[in-house]
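Have a look at the structure below, then the notes.
The values are calculated or read from the model by the stated rules, or taken from the named source; none is laboratory data. Values in this document were obtained by computation on a predicted structure and should not be read as measured data. Glycine also receives a Cβ, built like all others from the backbone with ideal geometry; neighbour counts cover every protein chain displayed. Heads up: the accessible areas ignore ligands, DNA and RNA and are worked out on the full protein's heavy atoms, side chains in. Shrake-Rupley method; radii C 1.70, N 1.55, O 1.52, S 1.80 Å.
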Amino acid sequence: MSGWSNGSSNGSYTSFFLVGFPGLQDSRTLLVLPFLGLYLVILSVNALVIHTVVSQRSLHQPMYLLIALLLAVNICAATTVVPPMLFSFSTYFNRISLAHCLIQMFCIYFLIVFDCNILLVMALDRYVAICYPLRYPEIVTSQLLAGLVGVAAARSTCLVAPVVGLASRVRFCRSDVIHHFACEHMALMKLSCGDVSLNKTVGLTIRIFNRVLDMLLLGASYTRIIHAAFRISSGGARAKALNTCGSHLLVIFTIYSSTMSSSIVYRVARTASEDVHNLLSAFYLLLPCLVNPIIYGARTKEIREHLATLFQRT
């Protein structure tokens, strides 16, 4: 039986059962193979591009290092979710303590927000590279890059910590079964038996504020970047700058559209089944992890050439 805390006048569950795709019941083992295959593909394509960037000294430049960092975050995000889910599906051991549940929740949302913050750093890097090309080496130094990544990590922590902190203070007595494959905030809040309006308001406010601010900053940056790119006299340099921006914009569209569409559907389609919500969560968590390395590997000329050379040697 799941843990039950009765230290105060009101009891609360201290451990839960994660039941992903509850509509499938005993057929959940059939999901092991497709999700395992997807996870292995995510690991392989992300690791391949990261290996290419790390092993080639010519790619040890801010833009490529940020791409490698973004893909490393993809691997961490997929690893936070998929292995526990596969273990749960295959062994039916799906018990998780409240502490571990909150840790997983923090890791999931931290990595999602950190992903978006890296995109902001990449936009700043491209802004300086295209708008101030002669001063780029002296402006974008390794120290500045490390500082920006540190600020991105700190910003991610500050945005996620209040949501997880408020969740840790909630009393859970409706049930000890989370109808989800991971400890998502809304899935956990459904088990609360008190007033969680503050939790929902804070979570929604932070998400909207973060998304709107990010979109404004990205929109302003890439508007200036594209405008400056069209003013480049050399056709080859102009095409290269626009192609690079195109890759970044595709990744931005993939990440933001998947997270925003999932959030909107989750709140609008309240009558949808739990399996639909599970599928949407898997979509927004794993789609960017799969698509991002393909975009950068296929569209970034320098990475693509090194990958082609690697495959030819193999």
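Yes/no per residue for (1) outside any helix (DSSP H, G or I); (2) open to solvent by 20 Å² or more (accessible area, probe 1.4 Å); (3) touching a residue at least 60 places away in the same chain (Cβ under 8 Å):
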| position | (1), (2), (3) |
| --- | --- |
| 73 | no, no, no |
| 81 | no, no, yes |
| 84 | no, yes, yes |
| 102 | no, yes, yes |
| 109 | no, yes, yes |
| 112 | no, yes, yes |
Practice prompt. Go over the candidates 192, 221 one by one and state the one that is polar (S, T, N, Q) and touching a strand residue (DSSP E or B) at 6+ places or on another chain (Cβ under 9 Å).
Written response: 192
Worksheet item: What number of residues within region 280-294 satisfy the criterion of being in contact (Cβ under 8 Å) with a residue 60 or more places away in the chain and surrounded by fewer than 19 Cβ atoms within 10 Å (Cβ to Cβ)?
Response: 2
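For (1) more than 30 Å from residue 184 (Cβ to Cβ); (2) modelled with pLDDT of 85 or more; (3) in contact with a Leu (Cβ under 9 Å, 6 or more places away or on another chain), each residue gets a yes or a no:
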residue	(1), (2), (3)
234	yes, no, no
238	yes, no, no
245	yes, yes, no
262	no, no, yes
271	no, no, no
283	no, yes, no
289	no, yes, yes
312	yes, no, no
Worksheet item: Can you find a residue in region 14-33 that is assigned to a strand (DSSP E or B) and open to solvent by 40 Å² or more (accessible area, probe 1.4 Å)?
Response: yes
Item to complete: Kindly check whether there is at least one residue in region 153-175 that is in contact with a Leu (Cβ under 6 Å, 6 or more places away or on another chain) and among the polar types (S, T, N, Q).
Response: yes
Worksheet item: Being in contact (Cβ under 8 Å) with a residue 12 or more places away in the chain and under 20 Å from the mean Cα position of the chain (by Cα), is that true of even one residue in region 136-145?
Response: no
Discussion item. Among the numbered criteria (1) within 17 Å of residue 15 (Cβ to Cβ); (2) not in a helix (DSSP H, G or I), which one does residue 194 miss?
Written reply: (1)
Discussion item. From the list 172, 181, exactly one residue is hydrophobic (A, V, I, L, M, F, W, C), open to solvent by less than 50 Å² (accessible area, probe 1.4 Å), in contact (Cβ under 8 Å) with a residue 40 or more places away in the chain and over 26 Å from residue 35 (Cβ atoms). Which is it?
Written reply: 172
Worksheet item: How many residues, within region 135-145, are part of a helix (DSSP H, G or I) and surrounded by 11 or more Cβ atoms within 10 Å (Cβ to Cβ)?
Response: 5
Worksheet item: If only one of 241, 153, 228 is touching a Cys at 6+ places or on another chain (Cβ under 6 Å) and open to solvent by less than 40 Å² (accessible area, probe 1.4 Å), which one is it?
Response: 228
Practice prompt. Scan 198, 191 and give me the residue that is in contact with an Asp or Glu (Cβ under 8 Å, 6 or more places away or on another chain), more than 16 Å from residue 120 (Cα to Cα) and not basic (Lys, Arg).
Written response: 191
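Okay, residues lined up against (1) part of a helix (DSSP H, G or I); (2) of a type outside the set (Gly, Ala, Ser); (3) more than 20 Å from the chain's Cα centre (by Cα); (4) modelled with pLDDT of 90 or more:
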| residue | (1), (2), (3), (4) |
| --- | --- |
| 133 | no, yes, yes, no |
| 163 | yes, yes, no, yes |
| 182 | no, no, no, yes |
| 186 | yes, yes, no, no |
Practice prompt. Consider residue 204 carefully, then state whether it is hydrophobic (A, V, I, L, M, F, W, C), under 18 Å from residue 277 (Cα atoms) and crowded, with 16+ Cβ neighbours inside 10 Å.
Written response: no
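Give the residue, chosen from 123, 161, 129, 167, that is more than 29 Å from residue 245 (Cβ to Cβ), open to solvent by less than 30 Å² (accessible area, probe 1.4 Å) and small (Gly, Ala, Ser).
After applying the criteria, what remains is 167.
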